[in-house]
Amino acid sequence: MFSFHVYDHQMPRGFQNRFSTQYRCYSVSMLAGPNDRSDVEKGGKIIMPPSALDQLSRLNITYPMLFKLTNKNSDRMTHCGVLEFVADEGICYLPHWMMQNLLLEEGGLVQVESVNLMVATYSKFQPQSPDFLDITNPKAVLENALRNFACLTTGDVIAINYNEKIYELRVMETKPDKAVSIIECDMNVDFDAPLGYKEPERRPPHQEEPTEEEGDPSSYADMDMGFRAFTGSGNRLDGKTKGIEPSPAPLCPSDIKRGIPNYDFKVGRITFIRNSRPVPRKFAEDDDALNRFIAFSGEGQSLRKKGRKP
């Protein structure tokens, strides 16, 4: 595969086929005209004057047109593509996030040079806010947003618009070079943990609660049992107070029995536990008699007694 990246470093700076000039840069919001150019803010391309197109057409440059932007005052640089050639002479318009990366103010000077970049094969991004994790399919959203970009530069913080919200992502790594072209390429994308993201605390595995030891039944009587039936005082109709003093029977420790937990309990299941008591013998005999009953097997009685007449 033939690559122009080698010639980009070996060609002398004054080579006639290299485009290099300076412009005063402004954000897209300063672009005059009735049309809304908010689409420029959603990508990584700039707007240049018509004279740049005339000069580029006379040079033997490769397509697509890619440029290197440099702020010599802060020694910051990035790479971009070109969207249109409709700016005023001596002026170029940049997306706001690109001006932030270059530390440029409105009307600042920026050096624009034509470059040839290698095609990207891999890139890694770091979201600058944990809110990026709220997106259901971040790779699909990023792939759709990168259609408005021409190239990526390691260290840049790009901005993408999704659901009327701006998400910033830092380009952590690009292969095979620190600046790559992403036009018509097959690129693998990876994400780093968002800035300020904290791993959720992992709860320890559920530990079985220790079984309570059987206490002394004599201590149950000292416990507050709450409501007890028939322990209140009464009133007589004749108004006398004799014989109405409450005299509750003392509660013996043997009368208090601790409940036995249902170890087979399952969530969503209700179990009705009934006390099983031995059936008295009398009822058992009656049940046996009922079980032995046969219909129409008894003897009949007659009002008349049969016998010989005297």
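The values are calculated or read from the model by the stated rules, or taken from the named source; none is laboratory data. From a predicted model like this one, the values you see are computed outputs, not experimental measurements. Reconstructed Cβ throughout: ideal geometry from the backbone, glycine too, with neighbour counts over all protein chains shown. For accessibility, only protein heavy atoms count, side chains too; no ligands or nucleic acids. Shrake-Rupley method; radii C 1.70, N 1.55, O 1.52, S 1.80 Å.
Got a sec? What order do 70, 136 fall in by accessible area at 1.4 Å, biggest, i.e. largest, first? Provide the component values of the computation, followed by the final result.
On the way: 70 25, 136 135 Å².
Output order, biggest surface exposure first: 136, 70.
Label separation (residue 161 vs residue 100): 1.5 nm, computed from points 7 Å beyond Cα along the C-beta direction.
Between residue 267 and residue 237, the FRET efficiency from the beta-carbon distance, with R0 = 45 Å, is close to 0.25.
What a 1.4 Å probe finds exposed on segment 122-191 is 40% carbon and sulfur by accessible area, rounded to a whole percent.
Heavy-atom accessible surface of residue 238, to the nearest 10 Å², is about 80 Å², with a 1.4 Å probe and all protein chains retained.
Can you give the relative contact order of segment 122-191 as a percent, counting alpha carbon pairs under 8 Å and 6+ residues apart? Display every interim value, and only then the final one.
Values: 105 pairs, mean separation 34.1, N = 70.
This gives 49 percent for segment 122-191.
Extending 7 Å from Cα along the Cβ direction at residue 140 and again at residue 116 yields two label points whose distance is 3.8 nm. For the pair residue 109 and residue 202 in one chain, pulling the backbone fully straight at 0.36 nm per residue adds 28.3 nm over the alpha carbon distance.
Near residue 27: Cβ cut-off under 11 Å, other residues only, Lys/Arg at +1 and Asp/Glu at -1. The net charge is -2.
Equivalent ellipsoid of segment 20-115: semi-axes from √(5λ) of the C-alpha gyration tensor, largest first, are 18, 17, 12 Å. Residue 174 sits with roughly 10 Å² accessible to a 1.4 Å probe, with DNA, RNA and ligands left out of the calculation.
Report the relative contact order of segment 20-115, percent, no decimals, based on alpha-carbon pairs under 8 angstrom and at least 6 residues apart.
On the way: 187 pairs, mean separation 45.8, N = 96.
With pairs under 8 Å counted, the relative contact order is 48 percent.
Taking 30 Å as R0, compute the FRET efficiency from the Cβ-Cβ separation of residue 131 and residue 20 and round it to 0.05. Can you show the working numbers first?
Values: r = 40 Å, r/R0 = 1.34.
Given R0 = 30 Å and the Cβ-Cβ separation, E is 0.15.
Neighbours of residue 53 by Cβ distance under 15 Å: Lys/Arg scored +1, Asp/Glu scored -1, total -2.
Summing +1 for each Lys or Arg and -1 for each Asp or Glu among the other residues whose beta-carbon sits under 14 angstrom from that of residue 104 gives -1. Residue 129 contributes an accessible area of around 40 Å² to the protein surface, as traced by a 1.4 Å probe with all chains present.
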